[in-house]
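A.B. asks: Before I ask anything, let me first share the structure, which is written out below as structure tokens.
The values are calculated or read from the model by the stated rules, or taken from the named source; none is laboratory data. Just so it is clear, the model here is predicted, and its values are computed rather than measured. Neighbour counts are summed over all protein chains in view; Cβ atoms, including those assigned to glycine, are modelled from backbone coordinates with ideal geometry. For the accessible areas, the whole protein counts, side chains as well, though only heavy atoms, and no ligand, DNA or RNA atoms are used. Shrake-Rupley method; radii C 1.70, N 1.55, O 1.52, S 1.80 Å.
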Amino acid sequence: MKDNFPVIVFIGQPNCGKSTLFNSIAGYKAQTSNFPGTTVTHAHSEVMWKGQVYSIVDLPGTYSLTPSEPQEKVALTHIFKEKPDLIVNVIDASLLGRSLELTLELLELEYPMIVVLNMMDLAEKKGMSIRVEELEKKLGVPVVKTIAIHGLGTKELLDSVEKALISRKAPIAPRYAKEVEKRIQKLIEALPEDFPIIANKRFTAIKAIEAETMAADRFILESHKPLKSMIDSLRQEISDWREAPAYEVISAERHHLALKIFEECCQVRHARVNWVEELDNLIMHPIFGYFFLLLIFAGMFYLIFKIGSPLETWLLKPFESLRLSLQSHHNLLAELLNGLIQGIGGGIAIVFPYFIPLLLLMGFLEDLGYLARAGFLLDTFMHRIGLHGKSVPMFILGLGCNVPAIMATRILESKRDRIVTALLIPFVPCAARTTIILALVAFLLGPWWALGFYFFNLLLIAFLALVLKKFFKYSSPGLILEIPSLKLPSLKNIWQKTYFNLKEFVRFAWPILIGGSVILSFLSYIKFDRVFNTFLSPLVSGLLGLPSNLGVTLIFGFLRKELSLLMMFQALGVGYQQLLSVITRTQLLTFVAFVSFFIPCLSTLAIIWKELGRRIAFLSVALNLSVAILVSWLIRLLFSIL
Amino acid sequence: MFGRRVHHLISEIPTGSICTLLEIPQGKIFRIVEIKGGPGLHRRLLSLGFHRGDRVTLDREAIMQGPVLVRNLTADTKVALGRGIAQKILVEPIGDNEG
Ligand SMILES: Nc1nc2c(ncn2[C@@H]2O[C@H](COP(=O)(O)OP(=O)(O)OP(=O)(O)O)[C@@H](O)[C@H]2O)c(=O)[nH]1
Ligand SMILES: [Mg+2]
């Protein structure tokens, strides 16, 4: 990756707008949302500016250079191992004081660096006026103002990048109180020749002192015993001076320095309480908050259904008439064409009307900053089922697609929480499955059935969490989650985000949907589908009481869940609106339930495997399969009694 | 473990009773005196911008023993903290003239 192009990394605290800035320069490539911890892996892009190509890297946010969450470590590995040519430290200008603590830590690296004051619009709303020249002087690095969400200031930033790369001027690390400096100097002088130096000796020495009780400390103990005892005594001296652990003393030094710079460079006029504050009070209210939570999600699905179902009827018409005109022919070509029409029709007429509104509404909630707030509200309930509020945003993300939701579990500190959350996410109905639930259950049986299905789904997840709690010992470290300020979402950003996700969907799902549909029609033409159907018939007809023709659709369902359901028409040989003439309501529900849960779709399974290993992936399959069989069998039983 | 008081801070603070973040009334401004708990937790809170001497208020408490929402006025941030964690942050009241 590191060809001859200069490498520029974006680093900053979570939610300061790194990915938004990256996107405004490189085109929409990185996911953004108003939630600290959105980016969990790095994204990079080559960008051309004034005839020069730069390789720009967007990293996960990190609060400090002493990381505690897995995705923060990604950021650090990147700057330590693949020494970048330039660091672009992005700051949420409305949180300038706190953000400067990381800036000071970064200055210690003494790499060429630029500071970006992003979110200047929010800072101004808060009544802050920041004197840039003053800040440049204090920090010793260029400072650029941006409003990434509107693409403002990116040109100035790139100009500044160009200049910084020519001068390659390294900043000078900040100095602390002399009681601390004295000890840092002592350690610098004592560092042996063979000691692994990161960035420079001063940085290495400071980090060695700060590493008390951390993994790096054990490393020093093993490889450099005499040094370890010296570091310990230096720590003791620093700690005696302020009567606090050495790492806290150093952190407090940065804190005070940051506050001092902040006060010298920024004036804050008293800001008005605006509508955002009022709204925040409402949605975080201890009672109304839950009311809104319910209203938001119920309203969201109601809206999607209201928009989607007339659209679906309208879009289906041409495909229906095409299909009917083909019905009289019974040769291979007609069958294949039929498959093609079903595939394309399913992709466009059934998926789009629900998929796009869902993505738009999710984008709105994300950018508003609702995910973290839902985490706060639901934390107490999550504790009861053995998780905590920090998992809530992942479940909400899962409503869009399970894959990024599972990646997002990286922000959970405990491995146990990661595993449990990742095992539960495949039970969250993703956009594609929601489509099916709305398009089949709500459209054919009525919206209340769909709502009931969702409610049941929610209970099922809670129940499974309780079951998993029995097997994975629960010891919660407790919730620590920064709640970002509410932000007025930009429609352009939401649209770009939706478009980006839609593109992914079209690129991956459509070929499978259409190809799968054609293959199925071929299989049924040569009567080969019967092999699968016979093989699966004990399960499909025996246990679940469904027509055995549906067996073959399950094979495709592993690729994508919605495929099974779309292919149902083809397998049963009827059109969409006539479905209920060949199967009963109970059969429809049983099938939807079984397909929803029977296995995580291929991409979800792949990501679980990659993130948490083979064992957890197999466990996930086993869990899904047993739940699906049990649940759909129960539905069958229940409805046969009623 | 590090229970001794910090001398340079004491001089600025009017004497008041020390209590945990959980015990203070909502909306009143307090000052962090000490953060207890292991180094892991301590570091996380430090890097989130919670330091001794910071001014904080308790914004909200979620129902049924849920987490608390703490506003750090010094850093101007809001953080949701589980009760167990909020209990490890010791604060004391500061005069009404500030804030
Ligand atoms: N008002 C305003 N909002 C912004 C600006 N830049 C970004 N945002 C919003 O801030 C939120 C966070 O942006 P991201 O780009 O995801 O932040 P990030 O730094 O990549 O966050 P992590 O990946 O979690 O570290 C998003 O909702 C953006 O739409 C800005 O200049 N002004
Ligand atoms: Mg990001």
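A.B. asks: Suppose we filter the stretch A:301-331 for residues that are under 30 Å from the mean Cα position of the chain (by Cα), in contact (Cβ under 8 Å) with a residue 12 or more places away in the chain and surrounded by fewer than 18 Cβ atoms within 10 Å (Cβ to Cβ); how many remain?
C.D. replies: Kept after step one, since they are under 30 Å from the mean Cα position of the chain (by Cα), are these residues of the stretch A:301-331: A:301-309, A:311-312.
Then keep just the ones that are in contact (Cβ under 8 Å) with a residue 12 or more places away in the chain; that gives A:301-305, A:307-309, A:311-312.
Next, only the ones that are surrounded by fewer than 18 Cβ atoms within 10 Å (Cβ to Cβ) stay: A:302-303, A:307, A:309, A:311.
So the answer is 5.
A.B. asks: Please work out if B:V91 is outside any helix (DSSP H, G or I), more than 12 Å from chain A (Cβ to nearest Cβ) and buried (at least 22 other Cβ atoms within 10 Å of the Cβ).
C.D. replies: Details: outside any helix (DSSP H, G or I): yes; more than 12 Å from chain A (Cβ to nearest Cβ): yes; buried (at least 22 other Cβ atoms within 10 Å of the Cβ): yes.
Against the criterion (outside any helix (DSSP H, G or I), more than 12 Å from chain A (Cβ to nearest Cβ) and buried (at least 22 other Cβ atoms within 10 Å of the Cβ)), B:V91 qualifies.
A.B. asks: To continue, here is another question. Can you tell me how many residues in the stretch A:1-33 are more than 9 Å from ligand 2 (Cβ to nearest atom), buried (at least 24 other Cβ atoms within 10 Å of the Cβ) and in a loop (DSSP other than H, G, I, E, B)?
C.D. replies: Residues that pass the stated criteria total 1.
A.B. asks: Which members of the stretch B:75-88 meet the condition of being farther than 20 Å from A:A374 by Cβ and within 7 Å of chain A (Cβ to nearest Cβ)?
C.D. replies: B:A75, B:D76, B:G84
A.B. asks: So if I check each of A:S24, A:S19, A:S33, which one is over 28 Å from A:I166 (Cα atoms), within 14 Å of ligand 1 (Cβ to nearest atom) and more than 14 Å from chain B (Cβ to nearest Cβ)? Spell out the reasoning first.
C.D. replies: On the way: A:S24 fails: over 28 Å from A:I166 (Cα atoms); A:S19 fails: over 28 Å from A:I166 (Cα atoms).
Of A:S24, A:S19, A:S33, the one residue that is over 28 Å from A:I166 (Cα atoms), within 14 Å of ligand 1 (Cβ to nearest atom) and more than 14 Å from chain B (Cβ to nearest Cβ) is A:S33.
A.B. asks: Is it fair to say A:K207 is more than 19 Å from A:K178 (Cβ to Cβ) and either within 14 Å of chain B (Cβ to nearest Cβ) or not in a helix (DSSP H, G or I) (or both)?
C.D. replies: On the way: more than 19 Å from A:K178 (Cβ to Cβ): yes; either within 14 Å of chain B (Cβ to nearest Cβ) or not in a helix (DSSP H, G or I) (or both): yes.
Here the answer is yes, as A:K207 does meet what is asked.
A.B. asks: From the list A:M119, A:M128, which one is within 16 Å of ligand 2 (Cβ to nearest atom), of a type outside the set (V, I, T), over 18 Å from A:I56 (Cβ atoms) and in the same structural domain as A:I25 (by TED's automatic domain parsing)?
C.D. replies: Working: A:M128 fails: within 16 Å of ligand 2 (Cβ to nearest atom).
Only one candidate passes the filter, namely A:M119.
A.B. asks: Those residues that are touching a residue at least 60 places away in the same chain (Cβ under 8 Å) and either part of a loop (DSSP other than H, G, I, E, B) or surrounded by 22 or more Cβ atoms within 10 Å (Cβ to Cβ) (or both), I need them from the stretch A:140-150; list them, please.
C.D. replies: A:T146, A:A148, A:I149
A.B. asks: Taking A:E156, is it closer than 22 Å to A:E264 by Cβ, away from ligand 2 (no atom under 16 Å from the Cβ), away from chain B (no Cβ under 14 Å) and over 28 Å from the mean Cα position of the chain (by Cα)? I'd like the intermediate steps shown before the answer.
C.D. replies: Details: closer than 22 Å to A:E264 by Cβ: no; away from ligand 2 (no atom under 16 Å from the Cβ): yes; away from chain B (no Cβ under 14 Å): yes; over 28 Å from the mean Cα position of the chain (by Cα): yes.
No.
A.B. asks: Filter the stretch A:455-482 down to residues that are within 14 Å of chain B (Cβ to nearest Cβ) and hydrophobic (A, V, I, L, M, F, W, C), then give me how many there are.
C.D. replies: Of all residues in the stretch A:455-482, those within 14 Å of chain B (Cβ to nearest Cβ) come to A:474-482.
Subsequent filtering for residues that are hydrophobic (A, V, I, L, M, F, W, C) retains A:479-481.
Here the count works out to 3.
A.B. asks: Also, I was wondering about something else. Hey, can you tell me all the residues within the stretch A:483-505 that are within 14 Å of another protein chain (Cβ to nearest Cβ) and more than 16 Å from ligand 2 (Cβ to nearest atom)? Quick ask: steps written out before the conclusion?
C.D. replies: Step one: list which residues in the stretch A:483-505 are within 14 Å of another protein chain (Cβ to nearest Cβ), which gives A:483-487.
The answer is A:I483, A:S485, A:L486.
A.B. asks: Give the residues of the stretch A:498-527 that are under 30 Å from A:D367 (Cα atoms) and either touching a Lys or Arg at 6+ places or on another chain (Cβ under 7 Å) or open to solvent by less than 80 Å² (accessible area, probe 1.4 Å) (or both), sorted by residue number. Reasoning before the result, please.
C.D. replies: Here is the first cut: in the stretch A:498-527, the residues under 30 Å from A:D367 (Cα atoms) are A:498-510.
Matches in the stretch A:498-527: A:T498, A:F500, A:N501, A:L502, A:E504, A:F505, A:V506, A:A509, A:W510.
A.B. asks: Could you tell me whether any residue of the stretch A:89-100 is touching a Gly at 6+ places or on another chain (Cβ under 7 Å) and more than 16 Å from ligand 2 (Cβ to nearest atom)?
C.D. replies: Within the stretch A:89-100 (the criterion being touching a Gly at 6+ places or on another chain (Cβ under 7 Å) and more than 16 Å from ligand 2 (Cβ to nearest atom)), the answer is yes, since at least one residue qualifies.
A.B. asks: Any idea which of (1) within 25 Å of B:F50 (Cβ to Cβ); (2) within 11 Å of chain B (Cβ to nearest Cβ); (3) open to solvent by 50 Å² or more (accessible area, probe 1.4 Å) is the one A:F262 doesn't satisfy?
C.D. replies: The number of the failed condition is (3).
A.B. asks: Can you give me the number of residues within the stretch A:151-182 that are hydrophobic (A, V, I, L, M, F, W, C), closer than 22 Å to A:Y54 by Cβ and assigned to a loop (DSSP other than H, G, I, E, B)? Write out each step before concluding.
C.D. replies: First pass over the stretch A:151-182, keeping only residues hydrophobic (A, V, I, L, M, F, W, C): A:152, A:157-158, A:161, A:164-166, A:170, A:172-173, A:177, A:180.
Next, from what is left, pick out any that are closer than 22 Å to A:Y54 by Cβ: A:152, A:157-158, A:161, A:164-166, A:170.
Next cut, assigned to a loop (DSSP other than H, G, I, E, B) only: A:170.
Residues that pass the stated criteria total 1.
A.B. asks: Of the residues B:I29, B:I35, only one is more than 11 Å from chain A (Cβ to nearest Cβ) and hydrophobic (A, V, I, L, M, F, W, C); which? Please lay out each step first, then the result.
C.D. replies: Numbers: B:I35 fails: more than 11 Å from chain A (Cβ to nearest Cβ).
None of the others qualify; the one that does is B:I29.
A.B. asks: Same structure, new question: Would you confirm, using the coordinates I've provided, whether A:A334 is in the same structural domain as A:L625 (by TED's automatic domain parsing) and in contact (Cβ under 8 Å) with a residue 24 or more places away in the chain? Explain how you work it out, then say what you get.
C.D. replies: Working: in the same structural domain as A:L625 (by TED's automatic domain parsing): yes; in contact (Cβ under 8 Å) with a residue 24 or more places away in the chain: no.
Judged against the criteria, A:A334 is not a match.
A.B. asks: Let me ask something additional. Which of the residues spanning the stretch A:51-68 are away from ligand 2 (no atom under 16 Å from the Cβ) and in a loop (DSSP other than H, G, I, E, B)? It would help to see each step written out before you state the result.
C.D. replies: So in the stretch A:51-68, the residues away from ligand 2 (no atom under 16 Å from the Cβ) come out as A:51-55, A:64-66, A:68.
A:G51, A:S64, A:L65, A:T66, A:S68, listed by residue number.
A.B. asks: Which residues, counting only those in the stretch A:331-365, are in a helix (DSSP H, G or I) and polar (S, T, N, Q)? Can you show your working first?
C.D. replies: Of all residues in the stretch A:331-365, those in a helix (DSSP H, G or I) come to A:332-365.
Matches in the stretch A:331-365: A:N338, A:Q342.
A.B. asks: Taking the stretch A:38-55, which residues are on the phi < 0 side of the Ramachandran plot and more than 13 Å from ligand 1 (Cβ to nearest atom)?
C.D. replies: Applying the first criterion (on the phi < 0 side of the Ramachandran plot) to the stretch A:38-55 yields A:38-49, A:52-55.
Answer for the stretch A:38-55, where residues must be on the phi < 0 side of the Ramachandran plot and more than 13 Å from ligand 1 (Cβ to nearest atom): A:H44, A:S45, A:E46, A:V47, A:M48, A:W49, A:Q52, A:V53, A:Y54, A:S55.
Here is a yes/no grid of residues against (1) closer than 30 Å to A:G400 by Cβ; (2) part of a helix (DSSP H, G or I):
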position	(1), (2)
A:R235	no, yes
A:V249	no, yes
A:H285	yes, no
A:F292	yes, yes
A:T313	yes, yes
A:L324	no, yes
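A.B. asks: Among the residues of the stretch A:366-380, write down those that are in contact (Cβ under 8 Å) with a residue 60 or more places away in the chain, assigned to a helix (DSSP H, G or I) and either aromatic (F, W, Y) or open to solvent by less than 10 Å² (accessible area, probe 1.4 Å) (or both).
C.D. replies: At the first step, the residues of the stretch A:366-380 found to be in contact (Cβ under 8 Å) with a residue 60 or more places away in the chain are A:366-379.
Imposing the further condition that a residue be assigned to a helix (DSSP H, G or I) reduces the set to A:366-368, A:370-379.
Within the stretch A:366-380, A:Y370, A:L371, A:A372, A:R373, A:A374, A:G375, A:F376, A:L377, A:D379 meet the criteria.
A.B. asks: Based on this model, can you work out whether A:W510 counts as within 16 Å of ligand 1 (Cβ to nearest atom), more than 14 Å from chain B (Cβ to nearest Cβ), in a helix (DSSP H, G or I) and in contact (Cβ under 8 Å) with a residue 40 or more places away in the chain?
C.D. replies: On the way: within 16 Å of ligand 1 (Cβ to nearest atom): no; more than 14 Å from chain B (Cβ to nearest Cβ): yes; in a helix (DSSP H, G or I): yes; in contact (Cβ under 8 Å) with a residue 40 or more places away in the chain: yes.
So A:W510 does not fit the description; no.
A.B. asks: Could you tell me which of the residues A:H255, A:H270 is touching a residue at least 60 places away in the same chain (Cβ under 8 Å), part of a helix (DSSP H, G or I) and not hydrophobic (A, V, I, L, M, F, W, C)?
C.D. replies: Working: A:H270 fails: part of a helix (DSSP H, G or I).
Result of the check over A:H255, A:H270: A:H255.
A.B. asks: Suppose we filter B:R60, B:R52 for residues that are outside any strand (DSSP E or B) and at the interface with another protein chain (Cβ under 8 Å from one of its Cβ atoms); which single one remains? Steps first, answer last, please.
C.D. replies: Values: B:R60 fails: outside any strand (DSSP E or B).
Matching residue, one of B:R60, B:R52: B:R52.
A.B. asks: Quickly run through the stretch A:34-50 and pick out the residues that are in a loop (DSSP other than H, G, I, E, B) and either surrounded by fewer than 17 Cβ atoms within 10 Å (Cβ to Cβ) or free of Cβ contacts under 8 Å to residues at least 12 places away in the same chain (or both). Show your work before the answer.
C.D. replies: Within the stretch A:34-50, the first condition is being in a loop (DSSP other than H, G, I, E, B), and the residues that meet it are A:34-42, A:50.
The answer is A:T41, A:K50.
A.B. asks: Only one of these is surrounded by fewer than 22 Cβ atoms within 10 Å (Cβ to Cβ) and not aliphatic (A, V, I, L, M): A:T604, A:T590, A:T584. Name it.
C.D. replies: Step by step, each of A:T604, A:T590, A:T584 is checked, and only A:T584 is surrounded by fewer than 22 Cβ atoms within 10 Å (Cβ to Cβ) and not aliphatic (A, V, I, L, M).
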